[in-house]
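Here the structure is laid out as structure tokens; the discussion comes afterwards.
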Amino acid sequence: MFNANLRDEIRTTSRHLAKLNELGVYDIKDFLCYFPRTYNDSRNYTKIAEIRTDKINVVKGKLSNLFNMRTKYGKKITRGIFTDSTGSIEVVWFNQPHLTRMLPRNAEIVLMGKAKFSFGKISLQSPAYELLNLSEQIHSGRIVPIYHETEGINSKWIREKLKIVIDKWADELQEYLPEQIIKENNLIPYKTAIKEVHFPSSPERLKKAKYRLAFDELFFLQLKVLQKKWHWQNIPKENAKIIETNSEILKKCINSLPFKLTGAQKKVIKEALIDLKKPYPMSRLIQGDVGSGKTIVAALIALNIVSQGYQAAIMAPTEILATQHYRSFVKTLGNYGLNIQFIAGSTKQGLKDEIIKQMKTGTVDIVIGTHALIQDKIGFKNLGLAIIDEQHRFGVKQRDILKSYGSPHLLTMTATPIPRTLAITLYGDQELSIIDELPKGRQSIITKLVREKDRITAYRWVEDQIKKGRQAFVVCPLIEESENLDLKSVLSEYAYLQEHIFPKLKLGLLHGKLKQEEKDEIMESFKKNEINILVSTSVIEVGIDVPNATIMLIEGAERFGLSQLHQFRGRVGRGVHQSYCFLFAKNLSEEGAKRLKSMEKYSSGFKLSEIDLELRGPGEIYGLKQSGIPDLKMASLSDSKTIEISRIAAKKIIKKDVKLDNYPKLKKILKNNTETYIND
Ligand code: ADP
Ligand code: MG
């Protein structure tokens, strides 16, 4: 079933078929799942006496006096009189003389269009029409579906063709959700949902149809992550590494720190230590705002593991970040006789080979690095723990490679606070830990949306701060179209600031096109305060720790999501001095200004990412784009209620039958990983 030829079914030309293909519709199933973009409620006709010029009028009545004529400039126009029980109105069409043949006189029809005033009277101009004597009304007098269109096919055409397909095929659609799930969640049957979503019989039924389809999408996402979680927790027993807590060494290390752990850090460490004692590998995601102190948490877990003869690996997305980790690991764990190594793209081949050899023989206890850690020749003798920092910067495959070195315990970390519902959908195979507390004494960063007229004042103020010994970052706008444009913008900003605004200061320039050594060199001199202001693109913001930098100036702030702005802001406020974040934005709408104002108001990354999610969708949450947000047609990842409900439903199934052997239809859909859930 459903493999009938789409073109034959809808009797169309190959040109139109190609257009449908452009919209992602190749067969009958695709077409049935080509959901409307929105709807036009035209259930209530406008009375002719009440026609207005400021909206689309849908009128029902009879057409008379239809004739073609030419204006004095030679334009063809068609005129007629349209009448209902409340009055008459003139109708005008341009360049469609065939209408005099197509439109019946004195029979009921529906017209839809704008009304205009000209020469003192009102007329309907170029309205669309629907004849009523044929079959069911699909273009008017109902809730009318509006589709994404493409050149050459419009919603009217799609509606007509879909009607044919639905009438013939929708009843063939099979239910695939288990009876129990349908009942418990009060869902309407699948085929009803498909019919109703295209041609709703009422707003209530439409709502139910959308809910059913959204539920399905989220339900399958949840099934997938829960299955994955189960598999990770059910690795062969001989691979399990049950690791007890080495309280003695942990206490010693904690006591040697120059600060006290926060309550949140302690809580998360405890959660991880409990995981390690279980007979299956840990898989835990630690979310914590920038500066919340994730590194020390990672170091302590690593210490617990390596003190019992296992190895640990820490992977970070950039060399700058990996280097920073390496230094803080050496600083924190330097006194325990551990062999800690660093490996990255810039590591010389000879040295690299030597380290890899040591990793394989087990002489390296902790290795810290970049992607270099998951390259071909790498191996471990006894990897007990894999830590991935800024995990969303890595693909699933890269994470899986690290996991494949003997199923180690896995700890992933992110400074992107992700709203819970989103996290359980995208990372639902992991346990979640949240560091929701910043170390004591952390100052809050004063954030200001700066108006253009205050720009120079802001610059002078920055200069003043720098004279007092502080440092600043300038982040240039994100230009999505191309990396080259990004580069151009950062180069010209740098030149402009150096020449015209801060001629007496030393400015540095950092962007993605620089060689690794060049980047490192610039970062080093910034850290040493040999550079006063670091001008950079948005690509290299992760994890840089320069306590003396107290000013973050962001150009084109309107182009960034709030959670990314929050990431930038986290680069300052790391030392003892009061820090500031200035947002510059161009052509702000009222809404845009309100959005940016929330940066002034909130210091919590969670709060900001929730606002992002609500206002601009998950794609705006910093870093999520790369990690592959599922392409959902009906569901929304900000619909926390449906996410929770679908997760509960999926959990029930997985608990009963993780392999889905008793649910062959679900199994097949998951296996095919199809976007549409229709099974033949
Ligand atoms: P992030 O969570 O952004 O990775 P880091 O681990 O880099 O944060 O920590 C930021 C800074 O805070 C580091 O300099 C670290 O030494 C310090 N730090 C971590 N925990 C605490 C704490 N409990 N009290 C004070 N400072 C801390
Ligand atoms: Mg960090």
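At a glance:
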read-out: Pairs, first under 16 Å from I164 (Cα atoms) in region 189-209, second among the small types (G, A, S), C-beta under 6 Å, six or more apart; value: K191/A170; I194/A170; K195/A170; E196/A209; V197/A209
read-out: Meets criteria (within 16 Å of ligand 2 (Cβ to nearest atom) and either in a helix (DSSP H, G or I) or of a type outside the set (A, V, I, L, M) (or both)) for G334; value: no
read-out: Qualifying residue in region 592-599 (condition: part of a loop (DSSP other than H, G, I, E, B) and in contact with a strand residue (DSSP E or B) (Cβ under 9 Å, 6 or more places away or on another chain)); value: no
read-out: Which numbered condition R327 fails, given (1) more than 16 Å from ligand 2 (Cβ to nearest atom); (2) under 36 Å from the mean Cα position of the chain (by Cα); (3) assigned to a helix (DSSP H, G or I); value: (1)
read-out: Candidates I305, I296 - the one that is among the β-branched types (V, I, T), buried (at least 18 other Cβ atoms within 10 Å of the Cβ) and in contact with a strand residue (DSSP E or B) (Cβ under 7 Å, 6 or more places away or on another chain); value: I305
read-out: Region 386-400: number of residues that are modelled with pLDDT of 85 or more and either assigned to a helix (DSSP H, G or I) or away from ligand 1 (no atom under 16 Å from the Cβ) (or both); value: 1
read-out: Qualifying positions in region 530-551 - assigned to a loop (DSSP other than H, G, I, E, B), surrounded by 15 or more Cβ atoms within 10 Å (Cβ to Cβ) and modelled with pLDDT of 85 or more; value: I531, N532, T537, V546, N548
read-out: Residue in region 337-359 that is within 14 Å of ligand 1 (Cβ to nearest atom), in contact with a Gly (Cβ under 6 Å, 6 or more places away or on another chain) and assigned by TED's automatic domain parsing to the domain that holds C253 present; value: no
read-out: Hits in region 207-231 (condition: over 14 Å from A649 (Cα atoms) and either touching a Phe, Trp or Tyr at 6+ places or on another chain (Cβ under 7 Å) or crowded, with 20+ Cβ neighbours inside 10 Å (or both)); value: A209, Y211, L213
read-out: Any hit, region 630-640, residues being of a type outside the set (S, T, N, Q) and either free of Cβ contacts under 8 Å to residues at least 40 places away in the same chain or within 16 Å of ligand 1 (Cβ to nearest atom) (or both); value: no
read-out: Those helices (runs of 4 or more DSSP H) lying entirely in region 407-511 with at least 1 residues more than 16 Å from ligand 1 (Cβ to nearest atom) and modelled with pLDDT of 90 or more; value: 455-467, 483-496
read-out: Of all residues making up region 375-391, the number that are touching a helix residue (DSSP H, G or I) at 6+ places or on another chain (Cβ under 9 Å) and in contact (Cβ under 8 Å) with a residue 40 or more places away in the chain; value: 11
read-out: Counted residues, region 405-424 - those being within 16 Å of ligand 2 (Cβ to nearest atom) and in contact with a Phe, Trp or Tyr (Cβ under 6 Å, 6 or more places away or on another chain); value: 2
read-out: Count of region 74-86 residues which are without any contact (Cβ under 8 Å) to a residue 40 or more places away in the chain and surrounded by 12 or more Cβ atoms within 10 Å (Cβ to Cβ); value: 9
read-out: Count - residues of region 358-385 that are away from ligand 2 (no atom under 16 Å from the Cβ), aliphatic (A, V, I, L, M) and not in a helix (DSSP H, G or I); value: 6
read-out: Every pair of residues 6+ apart whose Cβ atoms lie under 7 Å, when the first sits in region 319-341 and is closer than 26 Å to I522 by Cα while the second is surrounded by 14 or more Cβ atoms within 10 Å (Cβ to Cβ) and among the hydroxyl-bearing types (S, T, Y); value: E319/S346; E319/T370; A322/T370; H325/T295; S328/T295
read-out: Single residue of L6, L32 found to be touching an Asp or Glu at 6+ places or on another chain (Cβ under 7 Å) and within 12 Å of V165 (Cα to Cα); value: L6
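Conditions (1) closer than 30 Å to S14 by Cα; (2) crowded, with 17+ Cβ neighbours inside 10 Å, marked per residue:
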| residue | (1), (2) |
| --- | --- |
| Y26 | yes, no |
| R43 | no, no |
| T46 | no, yes |
| E50 | no, no |
| S64 | no, no |
| N68 | no, no |
| K72 | no, no |
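The values are calculated or read from the model by the stated rules, or taken from the named source; none is laboratory data. It should be emphasised that the depicted structure is a prediction, and the values quoted were computed from it without experimental measurement. With ideal geometry, Cβ positions are generated from the backbone for all residues, glycine too; neighbour counts draw on all protein chains shown.
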